[in-house]
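Read the figures in this text as sums done on the coordinates, not as results from a lab. The structure presented is a predicted model; accordingly, all values stated were derived computationally and were not measured. No Cβ is skipped: glycine too gets one built from the backbone with ideal geometry, and neighbour counts run over all protein chains shown.
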Amino acid sequence: IKKVGVLTSGGDAPGMNSAVRAVTRTCLTHDIEVFGIFDGFAGLHAGNIKQLQRNSVSDIINRGGTFLGSARFPEFKEESVRKEAIKQLEKFGIDALIVIGGDGSYMGALKLSEMGFPCIGIPGTIDNDIAGTDFTIGFMTCLNTIVDAVDRLRDTSSSHNRISIVEMMGRHCGDLTLWASVAGGCEYVIVPEIDFDEDALIKQIMDGEEKGKKHAIVAITEHVTDVTALAKRIEAKTKRETRATVLGHIQRGGAPMAFDRILASRMGAYAVELLLEGKSARCIGIQCAKMVDHDIIECLTDMKRPFRKDLYELSNILY
Ligand code: ADP
């Protein structure tokens, strides 16, 4: 391996920059040239590629988002488009690629590997929805942002004896909601992994009021239901002011916290080590505090993220 390309793809996540920095500096330490590919697979296809030096990644370890940019590029599912992308890589003499992103990006990396181009995947997504790793880069920072928002909502909800429904990101994974619920002391937690029973929720809220609870914070993952409509129905049944707050894109931004910077640094360095060992089509994870790697195909097909029932139950005990 003489020249390595690195790109960030799919939804941005705090810590992606720290991972690109780690890839770059580990490569340079091993006398491998590094090329930053801008705007994900779209930029790869367009040949938006620039060589990176040590100082190209200065002052980014603490910056949210991704300085390389990211893009959604569904055209990458076409083999002909991927062939053109490989031509771009060959033009620069790049002989391996590190892809930082979610499972969609992993699929792109896998397809390139299957076409003979070595790729390694690094899990970069706030959703924590990737198999084979306890944590993805960006999850902890996003979780902290959410908990901060929940704390603020708690102050105002408690002052007004109000019911607050807080919609959190996660796509089809309840991890952000679950962890935020435990950390934020939310009264009710609704995640995609557990069937949502609206009547049971309303009964629980009413029982809580009888016990003297001043507020009710309902943590809910996006896409489960329309939270504004849910708030109206709860208000009609409980006769208590109910407000829905959709946290939205603020959850994505902000400086990565130390946990994500360290995770990203370790994963970036580990990815380069795997390439040096001649490995391809592997994806990186952290399991029980150790760096691990798995086959991307297995990660995308056979491996399942375990649902943290223990945290769900804990949240239901501690509310
Ligand atoms: P994430 O990586 O966060 O899951 P996406 O699902 O949007 O985000 O995937 C990011 C990009 O990965 C897509 O825009 C596309 O370029 C590429 N990609 C996704 N699925 C495939 C696929 N089946 N084959 C090839 N490339 C894919």
Exercise for the section: Please work out whether segment 76-127 counts as rounded, prolate or oblate from its C-alpha gyration tensor, where a ≥ b ≥ c are the square roots of the eigenvalues and a/c under 1.5 means rounded, while otherwise a/b larger than b/c means prolate and anything else oblate? Expected result: prolate
Exercise for the section: Can you grab the distance from the C-alpha centre of segment 123-202 to the C-alpha centre of segment 260-275, Å, no decimals? Expected result: 27
Completion exercise
Note to self, the chain gives a 222 nm [θ] from helices alone (DSSP H runs n ≥ 4, -39500 (n - 2.57) apiece, / all residues, nearest 500) of -13500 deg cm²/dmol
Fill in the blank from the handout: Relative contact order as a percentage, the chain, C-alpha pairs under 8 Å and 6+ apart, gives 24
Completion exercise
The ratio Rg/Rh over the Cα atoms of segment 245-319, Rh being the Kirkwood inverse mean 1/r radius, stands at 1.07
Exercise for the section: Search the structure for amide H atoms under 5 Å from the amide H of Glu193, placed 1.01 Å from N in the peptide plane, and list their residues when 5 or more places away or on another chain. Expected result: Gly174
Problem - GluC sites (Glu not before Pro) restricted to segment 1-91 and DSSP loop, no more than 14 other C-beta within 10 Å - result: Glu78
Fill in the blank from the handout: Taking Cα atoms only, Rg over Rh for segment 98-145 with Rh from the Kirkwood formula is 1.06
Exercise for the section: Quick one: divide the alpha-carbon radius of gyration of the chain by 2.2 N^0.38 Å and tell me what you get. Expected result: 1.09
Fill in the blank from the handout: For the chain, the dipole about the Cα centre with charges only on Cβ (Lys and Arg +1, Asp and Glu -1), to the nearest 20 debye, works out at 740
Practice task
Output the peptides 124-132, 225-233 sorted from most to least packed, where packing is the average of other Cβ atoms within 10 Å over each peptide's residues.
Solution key: 124-132, 225-233
Completion exercise
Within the set Ser70, Ser58, Ser113, GNM on the chain using Cα springs under 10 Å gives the largest fluctuation to Ser58
Problem - Prolate/oblate/rounded call for segment 1-128, Cα gyration tensor, a/c under 1.5 rounded - result: oblate
Fill in the blank from the handout: Of Thr145, Thr177, Thr238, the most mobile residue in a GNM of the chain (C-alpha springs, cutoff 10 Å) is Thr238
Handout entry: Global form of segment 20-87, assessed from the alpha-carbon gyration tensor, a/c cut-off 1.5
Key = oblate
